[in-house]
1. Among the residues of the range 17-31, is there at least one that is under 27 Å from Ile133 (Cα atoms) and free of Cβ contacts under 8 Å to residues at least 60 places away in the same chain?
2. Output the qualifying pairs, or none if there are none: Cβ atoms under 7 angstrom, residues six or more apart or on different chains, first residue in the range 57-73 and under 16 Å from Ala234 (Cβ atoms) and modelled with pLDDT under 90, second residue open to solvent by 50 Å² or more (accessible area, probe 1.4 Å) and part of a strand (DSSP E or B).
3. Quick test for you: out of Asp69, Asp24, Asp38, pick the one residue that is closer than 22 Å to Val270 by Cβ and not basic (Lys, Arg).
4. Quickly run through the range 267-292 and pick out the residues that are surrounded by 15 or more Cβ atoms within 10 Å (Cβ to Cβ) and either in a helix (DSSP H, G or I) or modelled with pLDDT of 50 or more (or both).
5. Please work out which residue is nearest to Ser116 (Cα to Cα), limiting yourself to the range 45-64 and to residues that are open to solvent by less than 50 Å² (accessible area, probe 1.4 Å) and under 18 Å from the mean Cα position of the chain (by Cα).
6. If a residue has to be of a type outside the set (A, V, I, L, M, F, W, C), assigned to a loop (DSSP other than H, G, I, E, B) and out of contact with any Asp or Glu (no Cβ under 7 Å at 6 or more places or on another chain) to count, how many in the range 15-39 make the cut?
7. Can you spot a residue in the range 80-89 that is at negative phi, outside any loop (DSSP other than H, G, I, E, B) and not aromatic (Phe, Trp, Tyr)?
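The values are calculated or read from the model by the stated rules, or taken from the named source; none is laboratory data. Because the structure is a prediction, the values reported are computed rather than measured. Here the Cβ positions follow ideal geometry from the backbone for every residue, glycine too, while neighbour counts run over all protein chains shown. All accessible areas refer to the heavy atoms of the entire protein, side chains included, with ligands and DNA or RNA removed. Shrake-Rupley method; radii C 1.70, N 1.55, O 1.52, S 1.80 Å.
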Amino acid sequence: MTVFVAPTTTIGQAWYDTLKLVWDAGGAAIHVLSTVTDPCGNDTYALRQVADHYLNERFIGKHHVQSIDTVANTIFPAAFYRSPGYAWSPTMKGTGEEEVFNAAANTLYSRYTSISEQLAQFNKTGTYFQRMIAWNNYKDPAYNQLSARIRILRSMHSRGIGRFNASDITVEGDAERFAASGVQSYSSADERLRGFPCLVHIDLSVVDNRINLLAVYRHQYLITKAYGNMVGLARLQRFLAEQSGYEVGELSIMASFADCESKIWKTSTVRQILTDGAEGTTPLPGLEVAQK
């Protein structure tokens with residue numbers, strides 16, 4: 001069953017509405033589209049409280065539940081990025097001010113790369129952000145997709161182009177072919193039916209000088225991962241906007257398959273999460289969860 005979630009302004013409301021609609025559809029659904037119209041604005045505090053209560057670092061049986069920020073950091077490690085505090089502008093091209101932005105981005109990449117071996121102890125397949133800045137394509141085993149997109153976005157902005165899709169950009173030369181596509185996290189040689197990565201592609205479209213981001217998931221875990229995924233994607237979107245001078249537009253997530261994780265959370269717990277969210281109250285301690 002295809003599920004369309006009505007666009008909402010906050011990440012918390014988009015998460016809750018998606019969870020509720022999929023739950024009402026039987027706990028699982030295909031082709032689930034969720035949209036946040038103001039992903040970098042204020043979040044819904046009461047819903048974030050509910051999510052934070054359930055998504056604290058612990059194990060449910062053998063399943064590792066991670067906090068919202070831990071999940072978000074796999075997509076964009078915000079603590080490693082020192083924002084200049086304002087956005088890039090075409091007038092900065094070739095100046096010292098542009099170097100400030102380049103240095104901030106390069107420091108982010110290098111700091112994250114420096115801990116890649118440590119991260120491998122916890123995730124042997126790597127993280128989404130690691131694949132974004134060091135993707136093993138057919139020509140370069142450490143291709144930085146984000147750096148390439150920022151370069152293209154700045155070029156388009158400098159030319160006064162405020163409406164285009166990243167996949168439609170025509171770039172001269174085969175060496176730049178990957179700069180004309182979205183951001184990939186899934187290898188064409190990966191034939192696993194399940195497991196990492198669930199996020200397979202990020203598409204970037206600029207409309208009315210706003211960067212809109214569409215993330216495609218093959219499997220979206222609506223309780224343990226979805227909120228953190230949205231937060232991480234919003235942070236990535238803000239980073240790309242700041243580095244290119246465009247404004248932040250909509251954030252959309254298309255899940256080929258989405259579910260409420262009945263094998264991890266008991267039915268009563270899922271219902272309690274929905275009740276807590278509907279009432280906007282902070283839930284009491286004491287969770288009822290499925291043990292393996």
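1. So the first thing to find is which residues in the range 17-31 are under 27 Å from Ile133 (Cα atoms), and the list is none.
No: the range 17-31 contains no residue that is under 27 Å from Ile133 (Cα atoms) and free of Cβ contacts under 8 Å to residues at least 60 places away in the same chain.
2. none
3. Numbers: Asp69 fails: closer than 22 Å to Val270 by Cβ; Asp38 fails: closer than 22 Å to Val270 by Cβ.
Exactly one of Asp69, Asp24, Asp38 is closer than 22 Å to Val270 by Cβ and not basic (Lys, Arg), namely Asp24.
4. Of the residues in the range 267-292, the ones surrounded by 15 or more Cβ atoms within 10 Å (Cβ to Cβ) are 269-270, 272-274, 276-277, 283, 287, 289-290.
The answer is Thr269, Val270, Gln272, Ile273, Leu274, Asp276, Gly277, Pro283.
5. We begin by selecting, within the range 45-64, every residue open to solvent by less than 50 Å² (accessible area, probe 1.4 Å); these are 46-47, 50-51, 53-55, 60-61, 63.
Going one step further and asking which of them are under 18 Å from the mean Cα position of the chain (by Cα), we end up with 51, 55.
Numbers: Ala51: 28, Leu55: 25 Å.
Across the range 45-64, the extreme among qualifying residues is Leu55.
6. We begin by selecting, within the range 15-39, every residue of a type outside the set (A, V, I, L, M, F, W, C); these are 16-18, 20, 24, 26-27, 31, 34-35, 37-39.
Those left that are additionally assigned to a loop (DSSP other than H, G, I, E, B): 26-27, 37-39.
Going one step further and asking which of them are out of contact with any Asp or Glu (no Cβ under 7 Å at 6 or more places or on another chain), we end up with 26, 38-39.
Summing the residues that are of a type outside the set (A, V, I, L, M, F, W, C), assigned to a loop (DSSP other than H, G, I, E, B) and out of contact with any Asp or Glu (no Cβ under 7 Å at 6 or more places or on another chain) in the range 15-39 gives 3.
7. Of the residues in the range 80-89, the ones at negative phi are 80-84, 86-89.
Narrowing further to those that are outside any loop (DSSP other than H, G, I, E, B): 80.
The next check asks that each one be not aromatic (Phe, Trp, Tyr); those that pass are none.
The answer is no; no qualifying residue exists.
For every residue, the table says whether it meets (1) at pLDDT 55 or above; (2) closer than 27 Å to Leu21 by Cβ; (3) open to solvent by less than 50 Å² (accessible area, probe 1.4 Å); (4) hydroxyl-bearing (Ser, Thr, Tyr).
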position	(1), (2), (3), (4)
Ala179	no, no, yes, no
Gly182	yes, yes, yes, no
Tyr186	no, yes, no, yes
Glu191	no, no, no, no
Val206	yes, no, yes, no
Arg210	yes, yes, no, no
Tyr217	yes, yes, yes, yes
